[in-house]
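Below is the structure I would like to discuss, written out as structure tokens.
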Amino acid sequence: MQFGTKLIHNGNEIDKHTGALSIPIYQASTYHQPDVELRQDFEYSRSANPTRQALENTIAVLEGGKRGFAFASGMAATSSVLATFTAGDHIVICEDVYGGTYRIVNTLFKAFHLESSFVDAADLPGINRAIRKNTRALFLETPSNPLLKITDLQAAIAIAREHRLLVIVDNTFMTPYLQRPLELGADIVIHSATKFIGGHSDVVGGLVAVNNEELGNRIYAVQNGFGAILGPQDCWLLLRGLKTLKLRMDFQGQNALRLAEWLARQKPVQQVYYPGLKEHPGREVHFAQADGAGAVLSFKLRQRDNALRFMKNIRLAAVAVSLGGVETIVSYPATMSHAAMPEQERLRLGITDNLLRISVGLEECEDLISDFGLALELD
Ligand SMILES: *Cc1c(COP(=O)(O)O)cnc(C)c1O
């Protein structure tokens, strides 16, 4: 079955009890147990809920995995995965990881003695050098946020295998439609489903997929024990969002490419970062492991003041955090997604004050280009 068909027909789309073509929102916390000596599939909704289960099975199928898990947010998903490690374990993380991941690793998990090293994952020998005796996992995100740097997943996974590390990939920017890290040998895939999977800027959620039962059991123990589960209403919204994932990603990706090419020709623009552009240094590696460039791009204006003026001038696009919705969103990493990062570190990573990140939506591209054109009339 092709991926687009799987989005609609994956075995989880019909309610087992009524035949309804939309999984009901099982708004129940507990379930009648006719025989207390028997275990039932559903006993208490922190442990399992039918709406959540439909979503969890769906993400497992779409990522090519065995087990799926739904969490209250992308950060709840990431935190729950990290909570499967033990004090004294060490993980190697790509340095331009999502700002919230950077923050919890350096604060919350540091307090629980989970050790970490941040590396430029595009530099494979650098990954090797960061591995210690107590290293247990490699945490990757490609394309990275907000500079769209590409990590060679297969090469990084090969290094991890040599050292028997688990490989965790935050696949939020690509979604399982464009990139399936489990099929490339990764062990755990994480999504902020708030973004493209939900797709409509109306729900916060997180998903995890794994293709190993033992690992699945460990994550389930945290999900059920720690309890950062996604509620049934929000699970339903994600199930609904997923049905149009391919259509949205295709259109938004086309828009993103056109906008990126157009931006690259504009005088006030210093540089555009988008893996779909011919001149992107990671383009070849990216297209060897993914089926499209996605709908997030970033660009630098020649001056910081111009970035601020651009955001004041823009009319159609919203200025906001987040990405992956139907509407185009402009965000300013320096004070938004990467505000938690010390300034010196942020600047070292190239997340400068003249950088803007765009999540390209479903508007007609002509309208986006004219909006951006007006916003770029800076003086
Ligand atoms: C937004 C985001 C997260 C965090 O997800 P939330 O749903 O906001 O908790 C993690 N990783 C990436 C790449 C993101 O864009």
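The values are calculated or read from the model by the stated rules, or taken from the named source; none is laboratory data. Worth saying up front: this structure is predicted, and the values here are computed from it rather than measured. Backbone-built Cβ (ideal geometry, glycine too); neighbour counts: all protein chains shown.
ASN10 fails exactly one of the following numbered conditions: (1) over 23 Å from GLU63 (Cα atoms); (2) touching a Ser or Thr at 6+ places or on another chain (Cβ under 7 Å); (3) of a type outside the set (Ser, Thr, Tyr). What is the number of that condition?
Among (1) over 23 Å from GLU63 (Cα atoms); (2) touching a Ser or Thr at 6+ places or on another chain (Cβ under 7 Å); (3) of a type outside the set (Ser, Thr, Tyr), ASN10 violates only (1).
Criterion first (farther than 18 Å from MET249 by Cβ, within 21 Å of the chain's Cα centre (by Cα) and not assigned by TED's automatic domain parsing to the domain that holds ALA122) does ARG302 satisfy it?
Numbers: farther than 18 Å from MET249 by Cβ: yes; within 21 Å of the chain's Cα centre (by Cα): no; not assigned by TED's automatic domain parsing to the domain that holds ALA122: yes.
No, not satisfied.
Quick check on my filter: what residues within region 38-92 are within 14 Å of the ligand (Cβ to nearest atom) and surrounded by fewer than 22 Cβ atoms within 10 Å (Cβ to Cβ)?
Those that are within 14 Å of the ligand (Cβ to nearest atom) and surrounded by fewer than 22 Cβ atoms within 10 Å (Cβ to Cβ): ALA72, SER73, MET75.
Which ones in region 183-226 are at positive phi and away from the ligand (no atom under 16 Å from the Cβ)?
Listed by number, the list holds a single entry, GLY185.
With the structure loaded, tell me whether LEU178 is of a type outside the set (Lys, Arg) and either at pLDDT below 95 or outside the structural domain of ILE329 (by TED's automatic domain parsing) (or both) or whether it fails that test.
When the stated conditions are applied, LEU178 passes them.
Please determine, by comparing only the residues of region 295-306 that are part of a helix (DSSP H, G or I) and of a type in the set (D, E, K, R), which one is modelled with the highest pLDDT.
So, considering only residues that are part of a helix (DSSP H, G or I) and of a type in the set (D, E, K, R), the one modelled with the highest pLDDT is ASP305.
Could you list, in sequence order, the residues of region 128-170 that are touching a residue at least 40 places away in the same chain (Cβ under 8 Å) and of a type in the set (A, V, I, L, M, F, W, C)?
If the condition is that a residue be touching a residue at least 40 places away in the same chain (Cβ under 8 Å) and of a type in the set (A, V, I, L, M, F, W, C), then ALA137, LEU138, PHE139, LEU140, LEU147, LEU148, ILE150, LEU153, LEU165, LEU166, ILE168 are the ones that fit.
Residue check: is THR142 surrounded by 19 or more Cβ atoms within 10 Å (Cβ to Cβ), among the polar types (S, T, N, Q) and modelled with pLDDT of 95 or more?
Criteria met by THR142.
Exactly one of these conditions fails for VAL326: (1) at pLDDT 95 or above; (2) closer than 23 Å to GLY99 by Cβ. Give me its number.
It fails just one condition, (2).
Can you name the condition, by its number, that TYR102 falls short on among (1) within 25 Å of the chain's Cα centre (by Cα); (2) surrounded by 13 or more Cβ atoms within 10 Å (Cβ to Cβ); (3) part of a loop (DSSP other than H, G, I, E, B)?
Among (1) within 25 Å of the chain's Cα centre (by Cα); (2) surrounded by 13 or more Cβ atoms within 10 Å (Cβ to Cβ); (3) part of a loop (DSSP other than H, G, I, E, B), TYR102 violates only (3).
Something else now. Would you mention how many residues in region 297-307 are surrounded by fewer than 16 Cβ atoms within 10 Å (Cβ to Cβ) and not acidic (Asp, Glu)?
Number satisfying all stated conditions: 3.
Among the residues of region 112-136, which ones are within 19 Å of the chain's Cα centre (by Cα) and surrounded by 24 or more Cβ atoms within 10 Å (Cβ to Cβ)?
ALA121
When both residues are 6+ apart or on different chains and their Cβ atoms are under 6 Å apart, which pairs have a first residue that lies in region 88-103 and is under 15 Å from ARG346 (Cβ atoms), and a second that is assigned to a loop (DSSP other than H, G, I, E, B) and within 10 Å of the ligand (Cβ to nearest atom)?
Note: pairs meeting the criteria are ASP96/SER144; TYR98/ASN145; GLY99/SER337.
May I pose another question? Can you pull out the residues in region 136-187 that are part of a strand (DSSP E or B) and over 18 Å from GLY100 (Cα atoms)?
Our first condition is that a residue be part of a strand (DSSP E or B); within region 136-187, this holds for 136-141, 166-170.
Passing the criteria: ARG136, ALA137, LEU166, VAL167.
Further question on the same structure: Based on what the data block shows, is ASP96 part of a loop (DSSP other than H, G, I, E, B) and either in contact with a Lys or Arg (Cβ under 9 Å, 6 or more places away or on another chain) or closer than 21 Å to ASN217 by Cα (or both)?
Values: part of a loop (DSSP other than H, G, I, E, B): yes; either in contact with a Lys or Arg (Cβ under 9 Å, 6 or more places away or on another chain) or closer than 21 Å to ASN217 by Cα (or both): yes.
Yes, satisfied.
Say whether the condition of being modelled with pLDDT under 95 and not polar (S, T, N, Q) is met by at least one residue in region 16-27.
Scanning region 16-27 turns up at least one residue that is modelled with pLDDT under 95 and not polar (S, T, N, Q).
OK, next. Using the structure shown, decide if HIS338 is within 16 Å of the ligand (Cβ to nearest atom) and modelled with pLDDT of 95 or more.
Considered against the rule, which asks whether it is within 16 Å of the ligand (Cβ to nearest atom) and modelled with pLDDT of 95 or more, HIS338 comes out as no.
Take ILE369 and decide whether it is outside any loop (DSSP other than H, G, I, E, B) and aliphatic (A, V, I, L, M).
Criteria met by ILE369.
Here's another thing I want to ask about it. Return a yes/no flag: does region 273-290 have any residue that is among the β-branched types (Val, Ile, Thr) and touching a helix residue (DSSP H, G or I) at 6+ places or on another chain (Cβ under 6 Å).
Checked region 273-290: no residue is among the β-branched types (Val, Ile, Thr) and touching a helix residue (DSSP H, G or I) at 6+ places or on another chain (Cβ under 6 Å).
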